[in-house]
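Undergrad: This is the structure I want to talk about, given as structure tokens.
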Amino acid sequence: MSINIDQALQTFIAEARELLEDMENSLLQLESSPEDAEIIGAIFRAAHTIKGSAGLFGLDQVVGFTHIVENVLDRVRDASIRIEGDLVALLLESRDHMTELVNVIADQGGQLDDAALGREQALRKRLHSYQGVQAGHAAVVVEPEIESSGGTVAGPDNWHLSLRFDREILKNGMDPISFFRYLETLGEIVSIVTLPDAMPPVEEMNAELCYLGFEINFKSDADKNTIASVFDFVRENSSIRILPPHSKVAEFIDLIKTLPEDEKRLGDILVTIGALTRQELDEGLNAQKNPDGSTAPLGEILIGQRSVEQEVVQAALDKQNQVRESKSKENKYVRVQADKLDELINLVGELVIAGAGANLLAQRANDSSLQETTSTMSRLVEEIRDGALKLRMVPIGDTFSRFQRVVRDVSKELGKDIDLVISGAETELDKTVVEKIGDPLMHLVRNAMDHGIESAEKRLAAGKPVKGMLKLNAYHDSGSIAIEISDDGGGLNRDRILQKGIERGLVQPNQILTDQEIYNLIFEAGFSTAEAVTNLSGRGVGMDVVKRNIVALRGTVDLESAAGQGTTIRIRLPLTLAIIDGFLVGVEKSSYVVPLDMVLECVELTESERQGMKERSYLNLRGEVLPLVPLRAHFEIEGSHAKRENVVVVQYAGQKAGLVVDELLGEFQTVIKPLGKLFSNLRGISGSTILGTGEVALILDVPSLVQQAANAEQKISQAN
């Protein structure tokens with residue numbers, strides 16, 4: 001399978017991976033809705049599309065394996081095989097192997113290892129058993145009952161010809177009997193029923209006119225066009241209706257489903273598959289126009305003329321809708337390489353910095369025309385910035401959906417019955433954040449299932465439902481996104497965590513800690529309270545990595561727990577890692593940026609309040625206690641206090657704090673620049689930016705500052 005990857009093949013790989021993701025989600029839904037034809041159809045179409053596209057590139061191994069999967073899905077679709085747990089598990093394993101095959105293609109020159117080849121052979125054998133190929137592995141098969149359109153069990157599976165010849169056929173030298181003789185060269189006339197319903201009274205009869213109609217039961221392997229061609233010479237003023245056998249109806253429907261994704265008119269689809277002749281289509285189109293100028297639906301006309309069956313018309317209409325939806329979806333999206341998008345964001349960032357410099361020069365020049373021009377440019381740059389950032393915003397639902405499979409597999413491995421509930425899937429955040437949050441979420445989900453949710457016996461003893469509940473939720477809050485992983489398990493053992501912390505020297509025996517600080521000990525490296533090590537967790541490895549990865553994204557993680565009720569881990573992340581709206585403040589000669597969406601208000605301190613700060617670290621803000629963080633003291637900035645000081649009131653995760661600064665310098669578009677490793681442990685700073693003057697300003701880590709102020713206040717209240 002050594003292949004030179006070109007642009008078309010890269011597109012195939014990307015689309016195949018998307019289809020495989022959709023296939024997995026549909027299979028998981030199928031387990032709870034085994035009779036949902038729409039879900040079954042979606043799974044079949046995914047496999048069929050992958051097989052067809054792989055065939056274009058000569059990927060025989062993908063085509064060969066997917067063809068077997070498609071055959072099983074086809075039998076599921078026509079109700080020959082019942083959906084049950086083992087079949088869904090097999091199809092999920094097959095989907096995983098298809099993913100492995102696609103990954104091998106993406107890895108140029110890659111090959112399946114011996115273990116993968118062995119898995120494929122085992123999967124092929126199991127799949128063949130559902131096709132009735134392997135003896136001793138009989139599948140559960142349901143023989144479908146074929147019914148006619150009238151609702152009764154169909155008779156012989158033959159063509160039905162309804163003939164009403166032109167009355168002057170005899171005058172024109174044509175003999176109806178000659179057509180019947182020619183028909184017999186194509187097959188066997190099983191029966192003929194002669195209909196005299198158009199016969200006039202005897203005194204009005206004309207011996208040169210044909211008044212009889214004929215209903216013929218015709219057995220033949222010929223197609224509809226061949227049979228229709230028998231009557232080409234008398235079609236003009238005759239009524240020739242040819243209805244196919246029931247097996248042909250099913251064949252037509254299958255042909256429609258396998259047609260390429262091309263936009264075709266209804267009539268063209270029916271002619272292409274042979275369900276309609278070109279002459280029948282022309283008759284229908286001629287009858288489509290009403291006297292008042294309106295047009296009737298072609299499908300209804302063709303059914304009314306008995307040219308084609310309703311089931312076939314409906315299948316053709318469904319195919320049209322499928323093609324339209326597919327084309328609409330294609331037209332909505334343009335595939336762009338991620339590095340090109342990152343380059344665009346970087347250029348927009350530089351444009352923001354250049355725009356800030358131009359604004360500063362315009363202000364210094366005191367030229368009103370120049371200021372107006374730079375103001376317009378700043379507005380346009382802001383719109384470009386917002387548009388560029390939206391390009392990188394993706395819904396987190398795709399990440400959440402992956403855990404449906406994880407929960408299914410892990411719960412079976414643990415012998416627990418766990419239900420996953422997802423909410424807030426439409427919440428959007430930066431693509432870079434989504435990509436990097438997947439692994440931490442995976443660890444937290446698996447940990448919640450292993451240690452959080454109890455076994456069925458323990459849940460019953462505690463009066464809980466046997467089925468455990470795991471929830472994933474996402475929502476926007478104070479300019480950030482919050483992701484919650486909640487379970488209804490036994491909760492964290494506060495005393496055990498504290499004891500373990502004391503044993504490891506992380507906590508002093510007489511040290512006063514809040515519940516939050518005690519629970520946060522589980523994020524220390526190597527910390528574990530598990531009594532036994534499992535395949536999933538218990539070694540004390542992982543939670544510290546989870547926190548480190550989240551902090552690297554400028555996020556925070558905290559948790560809440562109640563004994564016997566469960567645990568909620570809450571992750572807060574910035575919406576974007578590139579550009580934000582900031583509020584510029586100054587302390588002495590240093591400049592700092594506060595994320596604007598976390599700023600509530602600004603308050604100027606009175607002289608008495610400034611004096612009171614020497615004794616206490618909080619402010620009475622309209623009857624509310626507001627913890628304060630003086631930035632001068634926090635960053636140990638030398639120099640005397642300014643004559644005027646201000647408090648910037650910020651809020652994060654429902655908690656408020658006041659940042660004490662010297663100057664308020666106004667709003668500022670901030671391009672986030674990462675700090676070097678030398679400053680990675682600097683508390684209260686999350687990044688840097690470049691001002692219009694070319695100077696560097698530090699971006700404040702508001703979450704850590706708010707948490708620091710809240711903890712200080714809580715400890716004071718506990719001490720009192």
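Undergrad: Restrict the check to segment 21-40 and report whether at least one residue is surrounded by 16 or more Cβ atoms within 10 Å (Cβ to Cβ), under 14 Å from the mean Cα position of the chain (by Cα) and small (Gly, Ala, Ser).
TA: yes
Undergrad: Within segment 11-59, which residues are closer than 12 Å to VAL102 by Cα and free of Cβ contacts under 8 Å to residues at least 40 places away in the same chain?
TA: GLU15, GLU18, LEU19, LYS51
Undergrad: Next question. Please find, within segment 70-97, the residue that is surrounded by the most Cβ atoms within 10 Å (Cβ to Cβ) out of those that are among the small types (Gly, Ala, Ser) and without any contact (Cβ under 8 Å) to a residue 40 or more places away in the chain.
TA: SER94
Undergrad: Could I ask something else about it? Which one is farthest from ARG392 (Cα to Cα) among residues in segment 343-360 that are touching a residue at least 40 places away in the same chain (Cβ under 8 Å) and of a type in the set (A, V, I, L, M)?
TA: Looking at the filtered set, the residue picked out is LEU360.
Undergrad: Select from segment 446-464 the residues that are assigned to a helix (DSSP H, G or I) and under 29 Å from the mean Cα position of the chain (by Cα) and write down the one among them that is surrounded by the most Cβ atoms within 10 Å (Cβ to Cβ).
TA: The residue in question is ALA448.
Undergrad: Look through segment 698-720, keep the residues that are within 19 Å of ALA578 (Cα to Cα) and outside any loop (DSSP other than H, G, I, E, B), and return whichever of them is modelled with the lowest pLDDT.
TA: By that ranking, first place goes to PRO703.
Undergrad: May I pose another question? Quick check on segment 607-630. Is at least one of its residues among the aliphatic types (A, V, I, L, M), modelled with pLDDT of 85 or more and either assigned by TED's automatic domain parsing to the domain that holds HIS451 or assigned to a loop (DSSP other than H, G, I, E, B) (or both)?
TA: Within segment 607-630, not a single residue is among the aliphatic types (A, V, I, L, M), modelled with pLDDT of 85 or more and either assigned by TED's automatic domain parsing to the domain that holds HIS451 or assigned to a loop (DSSP other than H, G, I, E, B) (or both).
Here's the yes/no breakdown for (1) β-branched (Val, Ile, Thr); (2) outside the structural domain of THR277 (by TED's automatic domain parsing); (3) crowded, with 16+ Cβ neighbours inside 10 Å:
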site: ILE189; (1), (2), (3): yes, no, yes
site: ASP197; (1), (2), (3): no, no, no
site: VAL202; (1), (2), (3): yes, no, no
site: TYR211; (1), (2), (3): no, no, no
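Undergrad: Can you tell me how many residues within segment 631-655 are farther than 26 Å from LEU682 by Cα and either in contact with a Phe, Trp or Tyr (Cβ under 7 Å, 6 or more places away or on another chain) or in a strand (DSSP E or B) (or both)?
TA: 0
Undergrad: Only one residue in ILE437, ILE481 is at pLDDT below 90 and not in a helix (DSSP H, G or I), so which one is that?
TA: From the options ILE437, ILE481, the qualifying one is ILE481.
Undergrad: Here is a list of conditions, (1) more than 20 Å from ASP78 (Cα to Cα); (2) surrounded by 15 or more Cβ atoms within 10 Å (Cβ to Cβ); (3) modelled with pLDDT of 75 or more; (4) not basic (Lys, Arg), and PRO245 meets all of them except one; can you say which number that is?
TA: (1)
Undergrad: On to the next question. Looking at segment 616-641 only, could you name the residues that are of a type in the set (Gly, Ala, Ser) and touching a residue at least 24 places away in the same chain (Cβ under 8 Å)?
TA: SER617, GLY639
Undergrad: Still on this structure: May I ask you to list pairs of residues, at least six apart or on different chains, whose Cβ atoms are under 8 Å apart, with the first in segment 402-426 being of a type in the set (Val, Ile, Thr) and the second being surrounded by 18 or more Cβ atoms within 10 Å (Cβ to Cβ) and assigned to a loop (DSSP other than H, G, I, E, B)?
TA: Here the result reads ILE418/ILE453, each pair linking segment 402-426 to a residue that is surrounded by 18 or more Cβ atoms within 10 Å (Cβ to Cβ) and assigned to a loop (DSSP other than H, G, I, E, B).
Undergrad: Can you pull out the residues in segment 225-244 that are out of contact with any strand residue (DSSP E or B) (no Cβ under 6 Å at 6 or more places or on another chain) and basic (Lys, Arg)?
TA: ARG235
Undergrad: Can you name every residue in segment 553-590 that is touching a Phe, Trp or Tyr at 6+ places or on another chain (Cβ under 9 Å), at pLDDT 90 or above and not hydroxyl-bearing (Ser, Thr, Tyr)?
TA: PHE583, LEU584, VAL585, GLY586, VAL587
Undergrad: Here's something else I'd like to know. So which residues in segment 631-664 are surrounded by fewer than 16 Cβ atoms within 10 Å (Cβ to Cβ), under 17 Å from VAL587 (Cβ atoms) and modelled with pLDDT under 90, if there are any at all?
TA: Result: ALA633, GLU636, ILE637, GLU638, GLY639, SER640, HIS641, ALA642, LYS643, ARG644.
Undergrad: Does segment 690-697 include one or more residues that are crowded, with 18+ Cβ neighbours inside 10 Å and either in a loop (DSSP other than H, G, I, E, B) or of a type outside the set (A, V, I, L, M, F, W, C) (or both)?
TA: Yes, segment 690-697 contains at least one residue that is crowded, with 18+ Cβ neighbours inside 10 Å and either in a loop (DSSP other than H, G, I, E, B) or of a type outside the set (A, V, I, L, M, F, W, C) (or both).
Undergrad: Can I ask one more? Consider segment 497-512. How many of its residues are out of contact with any helix residue (DSSP H, G or I) (no Cβ under 7 Å at 6 or more places or on another chain) and part of a helix (DSSP H, G or I)?
TA: Number satisfying all stated conditions: 4.
The values are calculated or read from the model by the stated rules, or taken from the named source; none is laboratory data. Since this is a predicted model, take the numbers as computed values, not measurements. We place every Cβ from the backbone using ideal geometry, glycine too, and count neighbours over all the protein chains shown.
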